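To keep things clear, I will list the structure first and then write my remarks on it.
The values are calculated or read from the model by the stated rules, or taken from the named source; none is laboratory data. Because the structure is predicted, anything quoted here is derived from the model rather than measured. Cβ placement follows ideal geometry from the backbone for every residue including glycine, while neighbour counts extend to all protein chains displayed.
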Amino acid sequence: MDRDEAELILRECRAVTDLEWRLAQIPPDAACRGAFLNMLDKRAGQLGHATQSAYRRAFGNQRLPPFRMVPVARYVTQLVALSHVHFGSARAHEGIREIVSETFGMTSFLFGATSRPGMAGALLFAERMWRTLVNYSRMICQPDGPDRWVVSFSNEYVWVESAMRGGLEGLGKFCGLEVETDVKLRSPFDGDVTVWVK
């Protein structure tokens, strides 16, 4: 790991996002599964050799046990850094949304390689699984009409407006559907993402 390179990337990230403030709010025991960090590295590779090389110079080339719990602050940091490396400072949240959308499109580790559920089934399964994937937030899915759902996040330290939104869009892709989303934040860590099939 090149600490100078990582610090340069993070300094630029702090200038265009609330990263520094957000990290200060995250309890040290808030954790997520190592699979999420592994998916970031895989996505970096899909974005190109230059992106993955820069990302690995800054954060190393580690393959974590997928079900091991790791600090969510680490995931938040590396997610925004990968966005910065590939998309640049001006597109930080757009990049976060795209990265998480594509990594959640790799959710075969949750559903099984051959299973392709409908959106309602995928959301219900994700809601049940959420408490085993993270130890700090809640996710509740409610139907809101035909092919339309409201997914409520509470105590969610990863950006609801970009990361969680992108994740739900990626879940739609995994189901073979094109979905649209809308976000209403109640606070920086609480919000509703409405998802509907186009």
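Listing for the model above:
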quantity	calculated
Any chance W130 is in contact with a Lys or Arg (Cβ under 8 Å, 6 or more places away or on another chain), outside any loop (DSSP other than H, G, I, E, B) and over 26 Å from Q78 (Cα atoms)	no
Candidates V150, V158, filtered to the one that is at pLDDT 95 or above, surrounded by 16 or more Cβ atoms within 10 Å (Cβ to Cβ) and not in a strand (DSSP E or B)	V158
Inter-residue pairs, beta-carbon under 6 Å, first under 17 Å from R43 (Cα atoms) and in region 154-167, second β-branched (V, I, T) and in a helix (DSSP H, G or I), 6+ apart	S162/I96; A163/I96; A163/V100; G166/V100; G167/V100
Members of region 63-96 found to be within 11 Å of L37 (Cβ to Cβ) and among the polar types (S, T, N, Q), listed by number	T77, Q78
Any hit, region 121-139, residues being among the charged types (D, E, K, R) and over 27 Å from P71 (Cα atoms)	no
Test: residue in region 173-184 that is over 18 Å from V100 (Cα atoms), free of Cβ contacts under 8 Å to residues at least 24 places away in the same chain and not in a loop (DSSP other than H, G, I, E, B)	yes
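Yes/no per residue for (1) modelled with pLDDT of 90 or more; (2) assigned by TED's automatic domain parsing to the domain that holds R165; (3) more than 16 Å from the chain's Cα centre (by Cα):
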{"site": "W21", "(1), (2), (3)": "yes, no, yes"}
{"site": "A24", "(1), (2), (3)": "yes, no, yes"}
{"site": "A31", "(1), (2), (3)": "yes, no, no"}
{"site": "N38", "(1), (2), (3)": "yes, no, no"}
{"site": "A44", "(1), (2), (3)": "yes, no, no"}
{"site": "Q52", "(1), (2), (3)": "yes, no, yes"}
{"site": "Q62", "(1), (2), (3)": "no, no, yes"}
{"site": "R68", "(1), (2), (3)": "yes, no, yes"}
{"site": "V72", "(1), (2), (3)": "yes, no, no"}
